[in-house]
Amino acid sequence: MNRRFLLSLGILTTVGLSLLPFFWFLLSSFKSQAEVEAVPPTWWPSGSLGFYRSALFDHRLFDYVGNSIVVAGSTTVLALLIAIPAAYALARLAVPGKQGILAVLLCVSMFPQMAIAGPVWRLLDAIGGLNHRWGLVLPYVALTLPLAIWILASFFKELPPELEDAARVDGCGPWTTLLRITLPLAAPGIFTAAILVLIYAWNEFFFALLILTQPEQQTLPVGIALFQGEFTMPWGELAAASVVATLPLILVVLLCQRWIVSGLSAGAVKG
Amino acid sequence: MTGSSRLTRHRDGPAAWMMVAPALFVTLVFALYPVLDSLWLSLHHIFVGVPTLGRPFIGLDNYLALLLDPAAHQALFVTFAFVVLSTLLELACGLVIALVIHEHFRGRGLVRAAILIPWAIPTVVASQLWRYIFNDQYGFANLLLFGDRITQYVPWLAYPTVAFGIIVLADVWKTSSFAALLMLAGLQVIPDDLYDAAKVDGANLWQRFRHITLPLLKPAMLLALLFRTMDAFRVFDLVFVMTQGGPGDATQVLQFYGYQTLFTEGRLGYGSAVSVTVFLMILSLSLVYLRAIGSSLLERGRA
């Protein structure tokens, strides 16, 4: 009884505290201008879509969403294309210096962005990547590779090796084995890595702020961070834009909770 | 070992290298080279946009200046305070969340998803959200505490200590679920019979937690501590959006200080010294942790 009471209390508190703050943004996004500016604040909105309209049309939300889709989408595809073979080789094949490579990747995942920001900026300046969306994709790929490789490698390692060995005995090379045998089996792991890379690229702010400086190129986080009104802070539009930026992620989490949980923990504790 | 013969493995050589090469190339060009470049730049006197000054090599002068820079001391102090407070709170909250979502109950999947939502929300959105909640007039915090007694409304983010506390709060809200997931993985590998045996011996809920869960969860907790410390050291978005380092310099963290010296003031040499220092601190911290975890991470990387 004691235990059941504790559990219910724990569920209610954690879920409540997790959801309540964002709920306030959600409520505000459906208010009218007068309701947002009311002092004391009002609880319930009268249900206006005005803020969504003006966020979309007056505050470049269309541009931000489009840029974020392009950047996050390309990052995910490119990072997976590079990470899958690397993770397979590190998990299954004889790669000289394997431990060293894994250790270096782990170190890279701990880099503070500041430590590489200046040189990355200069590098992109030199190759003409500043103010281009592809210029943002390159560092994103580099920074998400460690996570993707660690997760994928740990998934690959958990697959039974017999099928692969059979394929090898039948004369398949490593590439054929990876493509025909391992990839289909590892689909959930690949899906997990893709989700985590996608969330990273969708949410990243620091490099996006440095590399894309024109308003029409900026991604959602930069757009939301630099949200400005002429005289006062447009909280209603900001709330609407934030809901738009967050909705895809909430959907992803609701639908893929199982994979995210296993992916984050597999990448770490189960190693 | 995968069971392939030594001969097959030897033949894999070129293919294996081809598979790893692109990843190594990207990492080398966009992560390792930049760190070394930062190190090199930090030994020079460079101002962006003032090419007439040249870029004289000045050895460790930037680091000496950093040692004597009161703004850097403040940033270091704020960063340390932030790291300690937020990671400890995240570990505590994460443990509670992990214990809750480890239990079996109806709708557990939905509860897990709900708890993950703050983690998935872009940090920038979370920052604006908390800034709005603690707004001096339209804020939820004022509404909740004072209702319609408007005269008592508080401009929370205008007070140095409170602003710092709010940054910590926002970080704890956003990332406790991540710490929880790491600890959940740790809970899942504790065998059930340990608890059953303890129950037979008459241990109560607290005793079982104290003598079974906590000690066996230690590796996972250390890992969560490691990841959260690294991340807390790198805090930037929260400060950029919510306070810009203020009021005064109460929330001036190292990353924000480095960003300002590098990109706002264009002191490329000095800013690089700041970022290299942050990098070295994180690196040494992670070495300490990895030692404590017993390098189990890398050992498990062995196929």
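Mind telling me which of the residues B:N142, B:N135 ends up being among the polar types (S, T, N, Q), part of a helix (DSSP H, G or I) and more than 30 Å from B:L223 (Cα to Cα)?
After ruling out the rest, the residue left standing is B:N142.
How do the pairs read when you match residues in the stretch B:129-140 that are more than 9 Å from B:V154 (Cα to Cα) with residues anywhere that are surrounded by fewer than 22 Cβ atoms within 10 Å (Cβ to Cβ) and among the small types (G, A, S), using Cβ under 8 Å and keeping only pairs 6 or more apart or on different chains?
Going by the 8 Å Cβ cut-off, the qualifying pairs are B:I133/B:A141; B:Y138/A:A38.
Please pick out the residue among A:L220, A:L249, A:L210, A:L238 that is within 9 Å of chain B (Cβ to nearest Cβ), more than 23 Å from B:L129 (Cβ to Cβ) and surrounded by 20 or more Cβ atoms within 10 Å (Cβ to Cβ).
A:L210
Of everything in the stretch B:12-27, what is surrounded by 16 or more Cβ atoms within 10 Å (Cβ to Cβ) and either more than 23 Å from the chain's Cα centre (by Cα) or more than 7 Å from chain A (Cβ to nearest Cβ) (or both)? Give them in sequence order.
Passing the criteria: B:D12, B:A15, B:A16, B:M19, B:V20, B:P22, B:A23, B:L24, B:V26.
What's the number of the condition B:L116 fails, among (1) surrounded by 15 or more Cβ atoms within 10 Å (Cβ to Cβ); (2) within 11 Å of chain A (Cβ to nearest Cβ); (3) without any contact (Cβ under 8 Å) to a residue 40 or more places away in the chain?
For B:L116, the failing item is (3).
Only one of (1) in contact with a Ser or Thr (Cβ under 7 Å, 6 or more places away or on another chain); (2) under 18 Å from B:Y259 (Cβ atoms); (3) more than 14 Å from every other protein chain (Cβ to nearest Cβ) is not met by B:V83, so which one is it?
(3)
Surrounded by 15 or more Cβ atoms within 10 Å (Cβ to Cβ), facing chain B (nearest Cβ under 8 Å), within 27 Å of B:L238 (Cβ to Cβ) and under 15 Å from the mean Cα position of the chain (by Cα): is that true of A:W202 in this structure? Even if it seems obvious, please write down each step before you answer.
Details: surrounded by 15 or more Cβ atoms within 10 Å (Cβ to Cβ): yes; facing chain B (nearest Cβ under 8 Å): yes; within 27 Å of B:L238 (Cβ to Cβ): yes; under 15 Å from the mean Cα position of the chain (by Cα): yes.
So A:W202 fits the description; yes.
Identify, from the list B:V111, B:V172, the residue that is of a type in the set (A, V, I, L, M, F, W, C), within 7 Å of chain A (Cβ to nearest Cβ) and either surrounded by 20 or more Cβ atoms within 10 Å (Cβ to Cβ) or over 19 Å from A:F22 (Cβ atoms) (or both).
Only one candidate qualifies: B:V111.
From the list B:E299, B:E265, pick out the single residue that is at pLDDT 90 or above, acidic (D, E) and out of contact with any strand residue (DSSP E or B) (no Cβ under 7 Å at 6 or more places or on another chain).
B:E265
Provide a single number: the residues in the stretch B:186-202 that are surrounded by fewer than 23 Cβ atoms within 10 Å (Cβ to Cβ) and in a helix (DSSP H, G or I).
Number satisfying all stated conditions: 11.
Under 8 Å by Cβ, and 6 or more places apart or on different chains, what pairs join a residue from the stretch B:212-234 that is facing another protein chain (nearest Cβ under 10 Å) with one that is charged (D, E, K, R)?
B:A224/B:E90
Kindly indicate the residue of the stretch A:82-101 that is part of a helix (DSSP H, G or I) and without any contact (Cβ under 8 Å) to a residue 24 or more places away in the chain and also farthest from the other protein chains (Cβ to nearest Cβ) among those meeting that condition.
Among those residues, the one meeting the criterion is A:G100.
Return the pairs, sorted by first residue and then second, in which the second residue is of a type in the set (D, E, K, R) and at pLDDT 95 or above, the first residue lies in the stretch B:76-89 and is on the phi > 0 side of the Ramachandran plot and buried (at least 22 other Cβ atoms within 10 Å of the Cβ), the beta carbons are less than 8 Å apart, and the residues are 6+ apart or on different chains.
As it stands, the answer is none, since no pair meets every condition given.
Is one or more of the residues making up the stretch B:90-97 buried (at least 17 other Cβ atoms within 10 Å of the Cβ), facing chain A (nearest Cβ under 7 Å) and either within 23 Å of B:I166 (Cβ to Cβ) or in contact (Cβ under 8 Å) with a residue 24 or more places away in the chain (or both)?
Of the residues in the stretch B:90-97, the ones buried (at least 17 other Cβ atoms within 10 Å of the Cβ) are B:90-91, B:93-95, B:97.
Narrowing further to those that are facing chain A (nearest Cβ under 7 Å): B:97.
After this cut, where a residue has to be either within 23 Å of B:I166 (Cβ to Cβ) or in contact (Cβ under 8 Å) with a residue 24 or more places away in the chain (or both) as well, the list is B:97.
The answer is yes, given that some residue of the stretch B:90-97 is buried (at least 17 other Cβ atoms within 10 Å of the Cβ), facing chain A (nearest Cβ under 7 Å) and either within 23 Å of B:I166 (Cβ to Cβ) or in contact (Cβ under 8 Å) with a residue 24 or more places away in the chain (or both).
Can you name every residue in the stretch A:115-137 that is among the hydrophobic types (A, V, I, L, M, F, W, C) and either touching a residue at least 24 places away in the same chain (Cβ under 8 Å) or surrounded by fewer than 19 Cβ atoms within 10 Å (Cβ to Cβ) (or both)? Let's see the steps before the verdict.
Taking the stretch A:115-137 first, the residues among the hydrophobic types (A, V, I, L, M, F, W, C) are A:115-117, A:120-121, A:123-124, A:126-127, A:130, A:134, A:136-137.
Selection gives A:A117, A:V120, A:W121, A:L124, A:A126, A:I127, A:L130, A:W134, A:L136, A:V137.
Are there any helices (runs of 4 or more DSSP H) wholly within the stretch A:137-205 with 2 or more residues that are within 30 Å of A:V243 (Cα to Cα), and if so which?
A:187-203
Cβ-Cβ below 7 Å, separation at least six or inter-chain, first residue in the stretch B:243-271 and within 13 Å of another protein chain (Cβ to nearest Cβ) and under 16 Å from A:L226 (Cβ atoms), second among the basic types (K, R) and outside any loop (DSSP other than H, G, I, E, B): which pairs?
none
Kindly indicate whether A:P85 is of a type outside the set (S, T, Y), modelled with pLDDT of 90 or more and surrounded by 16 or more Cβ atoms within 10 Å (Cβ to Cβ). Spell out how you get there, then give the answer.
Numbers: of a type outside the set (S, T, Y): yes; modelled with pLDDT of 90 or more: yes; surrounded by 16 or more Cβ atoms within 10 Å (Cβ to Cβ): yes.
Yes, satisfied.
The values are calculated or read from the model by the stated rules, or taken from the named source; none is laboratory data. Only a predicted model underlies this, so the values are computations on that prediction, with no experimental measurement involved. So basically every Cβ, Gly included, is an ideal-geometry build from the backbone, and we count neighbours across all protein chains shown.
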